[in-house]
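For reference, the structure is listed below as structure tokens.
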């Protein structure tokens, strides 16, 4: 066997070992966020710390780096799978290697403690319980930025980790365009003579019936229940163990079916992505979504572009009425569809409507940028949060629970993540237009079989896993780079329809 | 710091690391036996293999063995926790180290193949499919006994691994006494004029109501739901992540409540043991039940001694009727209690009643002993099995599925394990008599608060974890070694009561 072949096999095996530890860690996280008994969390944090440290150690171990360095020098001669692994692991190694092992381990322990404190703070609706942990998390993150190397700005360094190639310069421009358009459109809807009412959705829908209906929808979408499951949690998420085990979670409110039903459609979009990565990547670090912005394009395509559309509910409203019976028996399709798409300023991101959602993200983007680029004081966050909600949405939270404590992201140190949601929506709208070149979406949805839609997404997005850069995916699938026009067109069309605007 | 102190700290940390990997592995097992999506299992096996190998590696690593060897030489000077860890890890290392790594790995592969063959053989009800694998497993085990060192007999070596200090000499005598007594008592019950009927228990009891009732009972027993949970599975078990996270599982049959209700009481006994080990052992390998015979003494104390007793059901039958309503409205307490304790020869161990259960175990004990000490030919097993069932229970299996293929233990190489079940029952009966010296069990149960019972078990058994040998636990708690008199007295009293014998 040639040296290249031997090293390739050895290196692939090392990558698989790392992925297996990541699978164990993913299961630990899933368990901590779904069903772990409260008294088990403290000792479990040790397991999180240990597995994280081992992943770190293996990803930077001399025997691994030696293989990686060698394969980089012969990159054109190795097979494509190994080539993609080399690119991916080089990136990870650069992130990992910069940080001293003991600081990384301490940070991992801190993360899981901060999540517990966040949960406790929510129970008490008291930001002060969470604040010291958040300060520590941010201090670590700032130190890490120093290790990684500051890009154009400190916050650019974080952005790039979630969305390779994304910068504050691009986002400032794109987000400003979206913000203006959304605020203008919001005003138009507020001034419209036709005002659909959303409160007619606040009707009883039993949890078990919501589950049954959601399972039907997920099945239509192409979620494979032999390769996934649904569980209860506080803050919904999707998480992958391996391609045959991709889990989604949700929270139920019997007087607000949107939380679980649309939440599961959203998480289902994430899960379908990871269930449909090319099988040859399974068990390797390539078997993941490539970036948050692409990941969210899948969840938001299903939740918003498709799952809140007229065509989608024309296909599903009768079944919905059946499961919720008799609650929606007297609600016409038109009223239901309009109610679903009502826009109204609100305080909680995950309950926000499609239009104002963008503003929730832009607020978080601006705050994160201020924390890292302008050293915004952590104890000021609730006040800044309040002020921005007041300015963009015209309303403000009464307490920390419906304000600063609503998202788990910061407890996990995930700064630079929020913009991905809006990027995802931008990408989703751009993908939809491309999809229409070969698929009549409305006609497909009307058949009740959405397979063609899933297949298009698999062919253009899912299959590549981490082996193709986000920018390349978007350019190849849609013919151009990020363009806010598509989202603005989409929102304008949707809201003109719902509010009967000219 | 002295060298002893430094090495002690370092060694304790190494032990905690091993335990953390064991916690991760326990979660993986729990997940694979409760909710893993079917397509996720193949990749997950890689995780099992990886974590198992890492635990093996850490437990025999030079840097670990060096500390262990050093601390053994200064055993009297280290603190008690470290001392107990040294004893425990020396035992483990001796088991691991004796076997060449390649043979151990080959054996692990064989185990999983043998389990698959066992499963296949069950589907076909054909022992011949399983036989060659069983032969290989036994051949390995015999070779391993050579490595570990043969005690008084080859089978003694295996017994000692599950029950330190237990020997063929002791068991031959104790089991013979039990066998005689049980067979005699069984004949008496068969000849009794009063014959209670067990089939009146076969009435509908909805799953969710069974859960609610079982949760009430478990709470009374002292199971801490903040430190544990209940899940569905095919083959019920209890499994510990850490002291704050001890999980039990069960299977529901709406026409046979005993499966889940008594099953949960049984698994609850295991779980209460591990929830109540001294907190200073949490996160170390000492935080486990000390042996199978002691573990089963806890589960069987709760299931049989307490959970099938007159006093227990006097306290709980009204609640039971309430939850099962109206199914048991017309069943008197006396009929219910008698039905619960009916004895009748049967073929399947896990469905056997309290009295005949002992004979199922003794049959397995005698066969295992013959395999290892008298080279009983593996192809003769079905015939020997049949003959022994005929001799002791008066019935014989029609096929391999209800005979030799009913248990998974041998496929996994777990020879020497079965006796623990009967040892558990013997220990439970002996502990009960000791408990009566300070606690009026019936009066306590009648109050509906069983805390005093749990506290006695914690004080005398649970708290020690693996830091006290099983024999020492029994002698200190009961004042004497294993004595079959207590179980025989218990069974005699219970069955005289139920069958109204003189």
* Pairs, please: C-beta under 8 Å, at least 6 apart or cross-chain, first residue closer than 17 Å to residue A:314 by Cβ and in the stretch A:447-463, second surrounded by fewer than 17 Cβ atoms within 10 Å (Cβ to Cβ) and modelled with pLDDT under 95? -> none
* **Selected residue (criterion: nearest to residue B:223 (Cα to Cα)) from residues of the stretch A:39-53 that are crowded, with 22+ Cβ neighbours inside 10 Å, facing another protein chain (nearest Cβ under 8 Å) and out of contact with any strand residue (DSSP E or B) (no Cβ under 6 Å at 6 or more places or on another chain)** => A:44
* Check residue B:71 against each of (1) under 27 Å from the mean Cα position of the chain (by Cα); (2) buried (at least 16 other Cβ atoms within 10 Å of the Cβ) and name the one condition it does not meet. => (1)
* To do: All but one of (1) modelled with pLDDT of 95 or more; (2) surrounded by fewer than 16 Cβ atoms within 10 Å (Cβ to Cβ); (3) under 21 Å from the mean Cα position of the chain (by Cα) hold for residue A:457, so report the exception by its number.
  => (2)
* Asked: Which number in (1) outside any helix (DSSP H, G or I); (2) away from chain B (no Cβ under 12 Å); (3) within 26 Å of the chain's Cα centre (by Cα) marks the one condition that residue A:1 misses?
  -> (3)
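Residue A:166: in a loop (DSSP other than H, G, I, E, B), touching a helix residue (DSSP H, G or I) at 6+ places or on another chain (Cβ under 8 Å) and under 19 Å from residue A:358 (Cα atoms), yes or no? Talk me through it step by step, then tell me what you get.
On the way: in a loop (DSSP other than H, G, I, E, B): yes; touching a helix residue (DSSP H, G or I) at 6+ places or on another chain (Cβ under 8 Å): yes; under 19 Å from residue A:358 (Cα atoms): yes.
Considered against the rule, which asks whether it is in a loop (DSSP other than H, G, I, E, B), touching a helix residue (DSSP H, G or I) at 6+ places or on another chain (Cβ under 8 Å) and under 19 Å from residue A:358 (Cα atoms), residue A:166 comes out as yes.
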* Asked: Any residue in the stretch B:85-92 that is part of a helix (DSSP H, G or I), within 14 Å of chain A (Cβ to nearest Cβ) and within 26 Å of the chain's Cα centre (by Cα)?
  -> no
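Just checking, which of B:408, B:361, B:441, B:354 is buried (at least 19 other Cβ atoms within 10 Å of the Cβ), touching a helix residue (DSSP H, G or I) at 6+ places or on another chain (Cβ under 9 Å) and modelled with pLDDT under 95? Spell out the reasoning first.
On the way: B:408 fails: buried (at least 19 other Cβ atoms within 10 Å of the Cβ); B:361 fails: modelled with pLDDT under 95; B:441 fails: modelled with pLDDT under 95.
It is B:354.
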* To do: Test each condition in (1) under 30 Å from residue A:471 (Cβ atoms); (2) under 23 Å from the mean Cα position of the chain (by Cα); (3) assigned to a helix (DSSP H, G or I) for residue A:117 and report the one that comes out false.
  => (1)
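Would you check if there is a residue in the stretch B:15-34 being over 17 Å from residue A:25 (Cα atoms), within 12 Å of chain A (Cβ to nearest Cβ) and surrounded by 14 or more Cβ atoms within 10 Å (Cβ to Cβ)?
To start, the set of residues in the stretch B:15-34 that are over 17 Å from residue A:25 (Cα atoms) comprises B:15-16, B:33-34.
Within this subset, residues satisfying the condition of being within 12 Å of chain A (Cβ to nearest Cβ) are B:16, B:34.
Pick out the ones that are also surrounded by 14 or more Cβ atoms within 10 Å (Cβ to Cβ) and you get B:16, B:34.
Yes; the residues of the stretch B:15-34 include at least one that is over 17 Å from residue A:25 (Cα atoms), within 12 Å of chain A (Cβ to nearest Cβ) and surrounded by 14 or more Cβ atoms within 10 Å (Cβ to Cβ).
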* Structure fact -> The one condition residue A:99 fails out of (1) part of a helix (DSSP H, G or I); (2) modelled with pLDDT under 95 is (1)
* Working carefully through the options A:376, A:401, find the one that is within 20 Å of residue A:118 (Cβ to Cβ), in a loop (DSSP other than H, G, I, E, B) and in contact (Cβ under 8 Å) with a residue 24 or more places away in the chain. => A:401
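The values are calculated or read from the model by the stated rules, or taken from the named source; none is laboratory data. On a predicted model such as this, the values are computed, not experimentally measured, just so you know. Don't worry about glycine lacking a Cβ; one is built from the backbone with ideal geometry, like all the others, and counts go over all protein chains shown.
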